[in-house]
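J.: Below you'll find the structure I mean.
The values are calculated or read from the model by the stated rules, or taken from the named source; none is laboratory data. Because the structure is a prediction, the values reported are computed rather than measured. We place every Cβ from the backbone using ideal geometry, glycine too, and count neighbours over all the protein chains shown. Accessible surface areas use protein heavy atoms only, side chains included; no ligands, DNA or RNA. Shrake-Rupley method; radii C 1.70, N 1.55, O 1.52, S 1.80 Å.
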Amino acid sequence: MRTLSDLLRNFMQLGYVTDDIDAAAAYLEATLGTVTCVKHYRSELGGGLPPSAGGEPGASFVVVDGKPAQEWTIDVALVNAGPTNVEIIRPVGGAVDLYRAAVRPGVPATLHHLGFVVDDFDEVDAVVTAAGKSWAQYGRSGGIRFGYLDLRAELGHFVEVMELDEASADGFTQLEIASNAGRD
């Protein structure tokens with residue numbers, strides 16, 4: 001990992017935002033023909049601290065604009081089309097303006113970010129810092145370390161990077177297997 005372009009090497013995800021998670025999932029399933037989306041309502045990360053601020057290593061947290069969020073709640077729907085994960089996020093409450101600002105009311109979904117898998121989030125953090133950038137949002141959700149780099153001015157969207165533990169990687173693999181079932 002030497003430059004920001006190295007972040008784009010391992011594409012995994014199209015990330016969308018919506019104001020209605022059920023309508024967006026129904027659109028993917030009925031109109032685009034995906035398998036059934038896996039939905040998680042009221043996913044919360046607020047209240048935790050990163051290890052650098054005294055939080056427990058491995059505990060979930062989210063930092064938004066450089067400050068640990070006390071409240072951060074979203075609904076999420078996940079589905080795959082082959083190896084490509086499609087994530088839909090509905091901002092619910094707290095420090096979720098990163099998502100809320102892109103929602104177009106009444107539209108099934110709006111592109112928000114492209115997601116990429118990385119081997120070492122700390123290494124990526126060093127590259128981001130060396131490039132004079134900072135994370136719009138970063139944190140840990142279970143076995144996923146993630147960060148959003150705001151490249152809207154340059155590219156028109158956020159770039160999310162994710163370091164996955166084995167269980168999280170397996171979860172995405174299961175979504176891919178489900179999307180491929182019966183296609184042989």
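J.: If you go through region 164-184 one residue at a time, how many are in contact (Cβ under 8 Å) with a residue 60 or more places away in the chain and either in a helix (DSSP H, G or I) or open to solvent by less than 20 Å² (accessible area, probe 1.4 Å) (or both)? Lay out the reasoning, then the answer.
T.: Keep residues of region 164-184 that are in contact (Cβ under 8 Å) with a residue 60 or more places away in the chain, which gives 172, 175-176, 178-181.
If we keep only those that are either in a helix (DSSP H, G or I) or open to solvent by less than 20 Å² (accessible area, probe 1.4 Å) (or both) as well, we get 172, 175-176, 178-180.
Adding up the residues that qualify gives 6.
J.: To continue, here is another question. Here are some residues: ARG140, ARG152. Which one is open to solvent by 60 Å² or more (accessible area, probe 1.4 Å) and modelled with pLDDT of 95 or more? Explain how you work it out, then say what you get.
T.: Values: ARG140 fails: open to solvent by 60 Å² or more (accessible area, probe 1.4 Å).
ARG152 is the lone residue from the list that is open to solvent by 60 Å² or more (accessible area, probe 1.4 Å) and modelled with pLDDT of 95 or more.
J.: While we're looking at this one, here's another question. Scan region 129-152 and give yes if some residue there is of a type in the set (Val, Ile, Thr), within 19 Å of LEU7 (Cα to Cα) and touching a helix residue (DSSP H, G or I) at 6+ places or on another chain (Cβ under 6 Å), otherwise no.
T.: The initial filter retains those residues of region 129-152 that are of a type in the set (Val, Ile, Thr), namely 129, 144.
Now restrict to residues that are within 19 Å of LEU7 (Cα to Cα): 129, 144.
Next, only the ones that are touching a helix residue (DSSP H, G or I) at 6+ places or on another chain (Cβ under 6 Å) stay: 144.
Yes - at least one qualifying residue is present in region 129-152.
J.: For region 33-42, which positions are in a strand (DSSP E or B) and either closer than 25 Å to GLY82 by Cβ or more than 18 Å from the chain's Cα centre (by Cα) (or both)?
T.: VAL38, LYS39, HIS40
J.: For a quick check of your reading of the model, give me the residue pairs whose first member lies in region 65-88 and is of a type in the set (Ser, Thr, Tyr), whose second is not in a strand (DSSP E or B), with beta-carbon atoms closer than 9 Å and at least 6 apart or on different chains.
T.: Final answer for the pair search is THR73/LEU45; THR73/GLY46; THR73/VAL96; THR84/GLU176; THR84/SER179.
J.: Sort through GLY94, GLY54, GLY58 and tell me the only one that's open to solvent by 30 Å² or more (accessible area, probe 1.4 Å), within 22 Å of GLU163 (Cβ to Cβ) and without any contact (Cβ under 8 Å) to a residue 60 or more places away in the chain. Break it down into steps so the answer makes sense when it comes.
T.: Details: GLY94 fails: within 22 Å of GLU163 (Cβ to Cβ); GLY58 fails: without any contact (Cβ under 8 Å) to a residue 60 or more places away in the chain.
Unique residue meeting the criteria: GLY54.
J.: Which one of these is modelled with pLDDT of 95 or more, open to solvent by less than 40 Å² (accessible area, probe 1.4 Å), among the hydrophobic types (A, V, I, L, M, F, W, C) and farther than 21 Å from TRP72 by Cα: VAL159, VAL118? Before the answer, list the steps.
T.: Values: VAL159 fails: farther than 21 Å from TRP72 by Cα.
Checking each option against the conditions leaves just VAL118.
J.: Taking only region 55-92 into account, find how many residues are touching an Asp or Glu at 6+ places or on another chain (Cβ under 6 Å) and either over 18 Å from TYR41 (Cα atoms) or not β-branched (Val, Ile, Thr) (or both).
T.: Qualifying residue count, region 55-92: 4.
J.: Let me spell it out: the conditions are (1) touching a His at 6+ places or on another chain (Cβ under 9 Å); (2) more than 23 Å from ALA169 (Cβ to Cβ); (3) buried (at least 19 other Cβ atoms within 10 Å of the Cβ), and ALA109 meets all of them except one. Which number is the exception?
T.: It is condition (1) that ALA109 fails.
J.: Hey, any hits in region 15-25 for a residue that's in contact with a Gly (Cβ under 7 Å, 6 or more places away or on another chain) and under 18 Å from GLU160 (Cα atoms)? Let's see the steps before the verdict.
T.: Start the filter on region 15-25 by keeping residues that are in contact with a Gly (Cβ under 7 Å, 6 or more places away or on another chain), which leaves 15.
If we keep only those that are under 18 Å from GLU160 (Cα atoms) too, we end up with 15.
For region 15-25, residues in contact with a Gly (Cβ under 7 Å, 6 or more places away or on another chain) and under 18 Å from GLU160 (Cα atoms): present.
J.: Continuing with this model, one more query. Provide a single number: the residues in region 8-32 that are open to solvent by 60 Å² or more (accessible area, probe 1.4 Å) and assigned to a loop (DSSP other than H, G, I, E, B).
T.: Of the residues in that region, 5 qualify.
J.: Here is a further query. Would you please list the contacts, defined by Cβ atoms under 6 Å and residues six or more apart or on different chains, that run from a residue in region 134-161 that is without any contact (Cβ under 8 Å) to a residue 60 or more places away in the chain to a residue that is hydroxyl-bearing (Ser, Thr, Tyr)?
T.: GLY143/SER168; ILE144/SER168; GLY147/TYR138
J.: So SER134 passes all but one of these: (1) under 23 Å from GLY46 (Cβ atoms); (2) open to solvent by less than 50 Å² (accessible area, probe 1.4 Å); (3) polar (S, T, N, Q). Which condition number does it fail?
T.: (2)
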